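So the structure is just underneath, and the comments pick up after that.
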Amino acid sequence: MTKIVVVTSGKGGVGKTTTSAALATGLAQRGHKTTVIDFDVGLRNLDLIMGCERRVVYDLVNVINGDANLKQGLIKDKRVEDLFILPASQTRDKDALTLEGVEKVLEGLKEMGMEYIICDSPAGIEKGALTAAYFADEAVVVTNPEVSSVRDSDRILGILSSKTRKAERGEGDIPASLLLTRYSPERVERGEMLSVEDVKDILAIDLLGVIPESQAVLNASNSGAPVILDSESDAGKAYEDAVARFLGEQRPHRFLTANKKGLFGRLFGAQ
Amino acid sequence: MSIFSYLLPKKEKSASVAKERLQIIVARERATRGGPDYLPQLQEELLMVVRKYVEVDQDAINIQVDRESGCEILELNITLPDE
Ligand SMILES: Nc1ncnc2c1ncn2[C@@H]1O[C@H](COP(=O)(O)OP(=O)(O)OP(=O)(O)O)[C@@H](O)[C@H]1O
Ligand SMILES: [Mg+2]
């Protein structure tokens, strides 16, 4: 059985690509054959985050158009077994990404025995995002603790419940879970940032994980290695927990509270 | 933040303002979700018509689509200001 997962958000720049890379890598590390597909036509980035930008020859649109076959388009990860990347094309013609074409690619990946297909959605709630979500069996909604991101996530949830193939066929809503990223417990404790509970209350979906705001994410993108491979880092551990929960494990949420400063720190500590 | 901020009266925290605003807007947007695409436009235009007669604010109009055994009901609530 293949499970197709869309990583989506509505709002841009909240951490979809970071999450897609981490989720796909984490699943493959656990021995699940996984492909991560970049649906951001024209703004390809996943290849950089995965560190395979210099190995890109063909892309998703090439495979759809038949310029290359699926095996030629897929890039096999050099660090993790069972992990494949299908980059987006840099073409400006967004119409190149047809639903029929995408379906053909997904069917091909199923035949290759992929267990998970992670679809890294572009921002927005238009065609690109709809195409990435259309065939999904499950959604991970990436949200930052900030008003416009939460509102956009709610809109995306509305779209997921009517515009996926399953919804259109009357097979009901696909399961969607919340991944709250760039979380800063210090700011939450000062009352300056929405808390996990606040966001959960508003969106009313299951919580897959909370990823702290972390320098490790920038380090990871600088070096082209998904942050989950930085297993000592807070963000790496938080993503690893999220992967475990995604696979059905129960794990307590970590990194939700600020590092306690002593009384001295509180009285004289910098803001 | 210094020791003095503990002594000063507290302003309402921005996170709780954010939560309140989000709850309102999200509830509004959910009410018209799944309904026909012209709903937001309809709501705008109805508001304009009402405003020709009385001054009401944005929140005074509430449109909701309900589905009951195969038929759709458009529910429209306009709260008039009490004078
Ligand atoms: N937990 C985090 N801590 C710190 N920075 C983060 C975190 N998650 C993401 N970022 C940073 O936020 C920026 C956007 O991340 P990313 O590219 O993953 O978002 P995106 O949702 O895919 O964006 P787009 O909508 O443009 O596709 C990047 O610079 C990334 O390094
Ligand atoms: Mg992205």
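None of the figures in this text is laboratory data; all of them are computed from the coordinates on show. Please read all numbers here as calculations on a predicted model, not as lab measurements. In this analysis, Cβ positions are derived from the backbone assuming ideal geometry, glycine residues included, and neighbour counts consider all displayed protein chains.
Close amide H pairs (under 5 Å, H built 1.01 Å from N) link A:I211 with A:L180, A:T181, A:R182, A:Y183, residues at least 5 positions away or on another chain. What does the convex hull of the alpha-carbon atoms of region A:114-271 project to on average, in nm²? Over every viewing direction, the Cα hull of region A:114-271 projects on average to 11.3 nm².
Would you mind ranking A:C119, A:C52 by Cβ crowding within 10 Å, fewest neighbours first?
Taking fewest neighbouring Cβ atoms as first place, the list is A:C52, A:C119.
Summarised in one figure, the compactness ratio Rg/Rh of chain B, Cα atoms and Kirkwood Rh, is 1.20. Karplus-derived 3J(HN,Hα) values for region A:192-203, using 6.51 cos²θ - 1.76 cosθ + 1.60 with θ = phi - 60°, are 9, 9, 4, 8, 3, 4, 4, 5, 4, 4, 6, 7 Hz; glycine and proline are entered as x.
Provide the percentage of antiparallel DSSP beta bridges, counting only those with both residues in chain A; round to the nearest 5.
Of the beta bridges lying entirely in chain A, close to 5 percent run antiparallel.
Residues A:V36, A:V141 in ascending order of nearby Cβ atoms (within 10 Å, fewest first): A:V141, A:V36. Convex hull volume of the C-alpha atoms in region A:183-256, normalised per residue: 100 Å³.
Summing +1 for each Lys or Arg and -1 for each Asp or Glu among the other residues whose beta-carbon sits under 13 angstrom from that of B:R30 gives +1.
Here the 3J(HN,Hα) profile of region A:59-71, calculated from phi with Karplus coefficients 6.51, -1.76 and 1.60 at θ = phi - 60°, is 9, 3, 5, 4, 5, 4, 6, x, 5, 8, 8, 4, 4 Hz, Gly and Pro shown as x.
Both radii come from the Cα set of chain A: Rg as radius of gyration, Rh as Kirkwood radius; their ratio Rg/Rh reads 0.98.
What fraction of the DSSP beta bridges in region A:20-124 is antiparallel, stated in percent and rounded to the nearest 5?
Looking only at bridges with both residues in region A:20-124, the antiparallel portion is about 20 percent.
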